[in-house]
Each structure stands twice: as C-alpha cells, then as structure tokens.
Amino acid sequence: MSKFDFDVIVMGGGPAGAAAATLIAQAGHRTVVLERSPEPSFKVGESLMPATYWTLDRLGVLDRMRQSSNPVKGSVQFFSGDGRATTPFYFEDHDPHESSWTWQVLRSDFDGMLLERAAETGAEIRHGVTVREILFEGDRAVGVRVGGKQGSDREIKARVIVDATGQRAILARQLGILEAEPCLQHASFFSHFAGAELDSGRDAGATLIYHTESERSWFWFIPLPEERVSVGVVGSVDYLIRQRHGDPQEVFEAELRRCPALAPRLADARQLRPMQAIKDYSYKVDRMTGDGWVTVGDAAGFIDPIYSTGVFLALKSGEMAADAICAGLAEDDVSADKLGAFTPELRMGMHAMSQLVFAFYSPNFSFGKFLHAHPDCRGELVDLLMGNVFRRPVDRLLAALAAAMANSAPNSGPAT
C-alpha cells in the first residue's frame, strides 16, 4: 500500500470537521483539514442548541464563547399563524445548569474560532483546496484527489478519510448511498437585518419561530451580535419556488405579509445582505462509515432546520467519530466495524430529532394539544429542544408522538 501523508484527512472545515480534527490531532495523530473556502464564510444555522455545551467544553472553547459578544440563548418560543404565542420553553427552568444556556452566533466567526482551535491542537489547515474524488484501493478509502490554487490535481494519502463537506456530501454521493427524504423537501430564503424590534431581559436571545397565516411556511427570527437578526422563511419547494414567478426577495416579502406576528418586528428594519436561497433537502446516508472512511455532520445526513439541530449534530458526530477513529488508529484497525462503533447511538439521536420535525409538519398535530394530553412528556420535549437526546432517555415522548401522529403524515406546511 502507498505511503500515507497523514493519519487522517478531514474534508471540510465546518463545525463537524473542526471538532473531529481538534480531538484527533489532540490525541497525537497527523491530521490535515482540507477546506475549499479561502476563509470562513457567511452561513445560516446561527442558533445553537444548549447541548452543544458538552462538546464545546471538550474542545476547550467554552471560555471563548463566554467572553464573546454572542447573544445568550435561553429559550425557544413558537407563534401560530394568527399570532398567538406559546409559553416560552425556558431551558433553565427544566435543568438549572450552565449547560441550559447557549449562544446565537455569526457562523463565519464561530466556524473560524473552531478551526483556529483545531490548528492550536496540531491539525494542519489548508484553505482553498477542493476535493475532487475519494481514492480507494479495493473497498478501502486511502486518500483524496484535490485541486488547489495552482489548478493542477494531486493526490494526498491517509489511513482514514473524514467527510465533513456538509450538504455536498462528497463521499456519499460518490458511493451512491444518499437517500432523500421525500416528505421534507423544503427551500428557504433568508438574510440579516438591523434595526428589528428585539426583546429584552431573559428573552433577548431567544429563537422565535413564526407560522404564516396559510400555515404553508414558517419564519425563524434569531438575534445575533451587533444588534442584527437572522430572518428566514421556510416552505416546500413546490410552494416557495415552483408556484412562484418572483425572485427570493419578492417571495420573502410576500410571505412576511402573511405573518402578522413577525411583520411588525421588521417594519423599521434595514436589510443588510441580498436575499439568499437554499434548498433544504432532508436526506440520510445508507452507511455512515466504511473501511478507512467516516461521514460526519450534514455529510452523514441532513434534518430540516426547524429545531436548530445542524450545528449540534455536526459537533456531536465530529466528537463521536473522532473517538472511534482514535481507537481504530491505536489498534491499527480502521475497518468499517471499528470506525462505525459510534453510529448506532448517533442514528438514535438523529431519529429522535427527526420525529420531532415530522410532528411539526404533521397537519393534524398540535404541540399545545399534545402537551395538554401528555403533560408528563413536557420534560422530555424540552430535552429534545435542548439537544439532550444523547444524555437522557426520550422513549416515552417518542412513543406518545408516534401515537398522536398515527393517522397523519407530513405535509407542506407546519401545524399550529
């Protein structure tokens, strides 16, 4: 077999890749991160879940987060299409611990901080490098073919390849193991605004979720540093794109007029960026690991963004994969079985999160009615909203959700 340039190649420098690289390099393994962007860029996914606390603590960046200007997030609140507000889900009331508070972040700054931490632990960071192909010898991944600033392709070899390329999901697409979730094919239009109406005190950093009057779309409202907010609308691809003739800006404004609870907050706001669009196709991969390779973050599966699961699952999967990789390297066993030791637990957590998403989009489902019928499930529901799915059992909640949705199926818009 060819000589290896590194122990581990991490493709992608987002939260999943940075988390994996930090822990692998910290264990003394030669690690390189290949990131195609020249520097961390603008992204949505600014709202963290409280359970990111534990991975951020292990990565050694909690103090940096505490000292940052990021708004502190302590709750989530939902608004119905007619403007009625639910009682906020205050995380600290459920679990009075520092881990019940988290942050709303500018992703460019947050991602940059995580990559900086990976570099501090010994990982080599290469920007402006595009992975063209994963190289295999038989069924085992042994390296990548990359293109860089000079324009010519070259090969880099490693004992383990980590795909953290987000929704590009290079490895899964190359192997043909990516499967779309047909019931959750959504699009979103989003931007940042200044001068929006913000809450104060305990609610200052809360994530707010607004349904539109038609209940065929919903908005997120996320406070960010420097008194700006991230606002985006989400709906089915058919509703937001195929049935419209306007551009993303026009569609966003049309849906905002259908959202009486949110519109006043943006009445005097100034848009800071051109409206952007993304198709949030939910999907899963048939296999998360193989001989010599691992997928993490969105490259291992993507869940609709309603509950801000993206960064949390990215960090958690990066952490879990790093532990499996370090164990495999220590034993000179990078087989699919060894590297995949973490996947049953990760899939369990992703399944629990996805069931909550299906409930949100189910036409005959109401969280208010559900909690009225199942008050004993409120604690587990808050645990899911916090991301505590890997720390506490939520089996009772999942069984109750399944029973409540037995006669309904996901549709193009959220329930109230």
(message) Which condition from (1) under 24 Å from the mean Cα position of the chain (by Cα); (2) farther than 30 Å from Ala254 by Cα; (3) modelled with pLDDT of 95 or more is the one that Val144 breaks?
(response) (1)
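One line per residue, one yes/no per condition, for (1) surrounded by 15 or more Cβ atoms within 10 Å (Cβ to Cβ); (2) touching a Lys or Arg at 6+ places or on another chain (Cβ under 8 Å); (3) not hydroxyl-bearing (Ser, Thr, Tyr):
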{"position": "Thr87", "(1), (2), (3)": "no, no, no"}
{"position": "Phe91", "(1), (2), (3)": "yes, no, yes"}
{"position": "Phe110", "(1), (2), (3)": "yes, no, yes"}
{"position": "Leu114", "(1), (2), (3)": "yes, no, yes"}
{"position": "Ala118", "(1), (2), (3)": "yes, no, yes"}
{"position": "Gly122", "(1), (2), (3)": "yes, no, yes"}
{"position": "Gly128", "(1), (2), (3)": "no, yes, yes"}
{"position": "Arg140", "(1), (2), (3)": "yes, no, yes"}
{"position": "Val144", "(1), (2), (3)": "yes, yes, yes"}
(request) Search the stretch 329-346 for residues being out of contact with any helix residue (DSSP H, G or I) (no Cβ under 9 Å at 6 or more places or on another chain) and in a helix (DSSP H, G or I), and hand back the single one that is surrounded by the most Cβ atoms within 10 Å (Cβ to Cβ). (result) Ala336
(message) Please pick out the residue among Thr289, Thr295 that is touching a strand residue (DSSP E or B) at 6+ places or on another chain (Cβ under 6 Å) and among the polar types (S, T, N, Q).
(response) Thr295
(message) So Val33 ticks every box in (1) free of Cβ contacts under 8 Å to residues at least 60 places away in the same chain; (2) not in a helix (DSSP H, G or I) but one. Which box is left unticked?
(response) (1)
(request) Within the stretch 62-70, identify whether any single residue is in contact (Cβ under 8 Å) with a residue 60 or more places away in the chain, more than 22 Å from Met350 (Cα to Cα) and surrounded by fewer than 20 Cβ atoms within 10 Å (Cβ to Cβ), and answer yes or no. (result) yes
(request) For the stretch 91-108, name all the residues that are touching a residue at least 60 places away in the same chain (Cβ under 8 Å) and in contact with a Gly (Cβ under 8 Å, 6 or more places away or on another chain). (result) Phe91, His94, Ser100, Trp103, Gln104, Arg107
(request) Tell me which of these Asp7 doesn't satisfy, since it passes every other one: (1) under 28 Å from Ser100 (Cβ atoms); (2) buried (at least 19 other Cβ atoms within 10 Å of the Cβ). (result) (1)
(message) Looking at Gly12, Gly45, Gly28, can you tell me which residue is crowded, with 24+ Cβ neighbours inside 10 Å and among the small types (Gly, Ala, Ser)?
(response) Gly12
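Given the condition at pLDDT 95 or above and surrounded by fewer than 17 Cβ atoms within 10 Å (Cβ to Cβ), answer yes or no: does some residue in the stretch 50-57 qualify?
Let us first name the residues in the stretch 50-57 that are at pLDDT 95 or above, namely 50-57.
Next cut, surrounded by fewer than 17 Cβ atoms within 10 Å (Cβ to Cβ) only: 57.
Yes: one or more hits.
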(request) Scan the stretch 109-138 and report the pairs whose first residue is in the same structural domain as Gly17 (by TED's automatic domain parsing) and whose second residue is among the acidic types (Asp, Glu) and surrounded by fewer than 17 Cβ atoms within 10 Å (Cβ to Cβ), with Cβ atoms within less than 8 Å and a gap of 6+ or a chain change. (result) Gly112/Glu39; His127/Glu39; Arg132/Asp153; Leu135/Glu155
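The values are calculated or read from the model by the stated rules, or taken from the named source; none is laboratory data. These figures come from a predicted structure and were not determined experimentally. Cβ: placed from backbone, ideal geometry, glycine included. Neighbour counts: every protein chain shown.
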